[in-house]
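Only one structure is covered here, and it is reproduced in the block below.
Please treat every number below as a calculation from the coordinates, not as lab data. Just so we're clear, the structure is a prediction, and the values are computed from it rather than from any experiment. All Cβ positions, even for glycine, are placed from backbone atoms using ideal geometry, and neighbour counts span all protein chains on display.
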Amino acid sequence: LPTGLAHGLVEPVTADEIATSPERYEACAVDLEKRLREHTGLETMRAGAPGWIGVRCADEEMAVWILRAVIVEDVLARREGEVVYVPVSLIDAPQRGRAKVAAAVSQACRLWQLQPARSEKRPAGGL
């Protein structure tokens with residue numbers, strides 16, 4: 001089994017969970033936004049749909065790359081243009097919930113920065 005499956009997929013909170021505890025949801029959303037900004041240096045934003053926080057990437061190429069890297073870590077994500085949306089979770093424990101979301105996005109951003117410059121890419125089979 002891939003390592004991430006042991007802890008389960010991180011998904012956004014449901015409308016019922018938000019309605020039951022709107023103050024807790026708001027605190028969790030603020031906490032996730034703070035972690036994402038601190039760990040990535042990227043701008044965050046609220047999605048039109050509750051339960052999601054957007055991370056604005058430099059361009060669509062970066063957003064697609066970050067999206068794929070986050071999904072591999074078993075964090076549900078979606079993309080609109082250069083913004084990757086990740087789920088707000090009420091859970092905050094190591095390897096689960098908000099901690100897992102923040103770690104996945106942070107790691108993806110670090111790996112993106114290590115990618116060779118796009119202009120340095122060589123054609124397939126070329127030396």
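A simple count of charges around Glu17, restricted to other residues whose Cβ falls under 13 Å of its Cβ and scoring Lys, Arg +1 and Asp, Glu -1, yields -3. Sequence-distant or interchain residues sharing an amide H contact under 5 Å with Trp52, placed H: which? Placed amide hydrogens put Ala47, Val88 under 5 Å from Trp52. Computed from the Kirkwood radius of its Cα pairs, the Stokes-Einstein diffusion coefficient for segment 32-73 at 10 °C and 1.306 mPa s stands at 145 µm²/s. Among Arg78, Arg24, Arg46, the largest mean-square fluctuation in a Gaussian network model of the chain (Cα springs under 10 Å) belongs to Arg24.
Given R₀ = 35 Å, FRET efficiency for Arg24-Arg68 by Cβ-Cβ distance, to 0.05? Between Arg24 and Arg68 the formula returns 0.70.
Taking θ as phi - 60° and the Karplus parameters 6.51, -1.76 and 1.60, the scalar couplings of segment 25-31 work out to 4, 4, 4, 5, 5, 4, 4 Hz in sequence order, x denoting glycine and proline. Fully extending the segment from Glu80 to Asp16 would add 20.5 nm, taking 0.36 nm per residue of separation and subtracting the current Cα-Cα distance. Along segment 38-50 the Karplus relation, 6.51 cos²θ - 1.76 cosθ + 1.60 evaluated at θ = phi - 60°, assigns HN-Hα couplings of 5, 7, 10, x, 8, 6, 10, 7, 7, 7, x, 9, x Hz to successive residues, with x for each Gly and Pro. Spin-label model, Gln107 to Glu60: label points 7 Å out along the Cα-to-beta-carbon direction sit 2.8 nm apart.
Taken over the chain, the alpha-carbon convex hull comes to 118 cubic angstrom per residue. Each Lys or Arg adds one and each Asp or Glu takes one away; over the other residues whose Cβ falls under 10 Å from the Cβ of Ala47, this sums to +1.
Computed from backbone phi, the HN-Hα couplings of segment 80-96 come to 9, x, 8, 10, 9, 9, 10, x, 8, 10, 7, 8, 9, 9, x, 6, 9 Hz, rounded to whole numbers (Karplus: 6.51 cos²θ - 1.76 cosθ + 1.60, θ = phi - 60°; Gly and Pro given as x).
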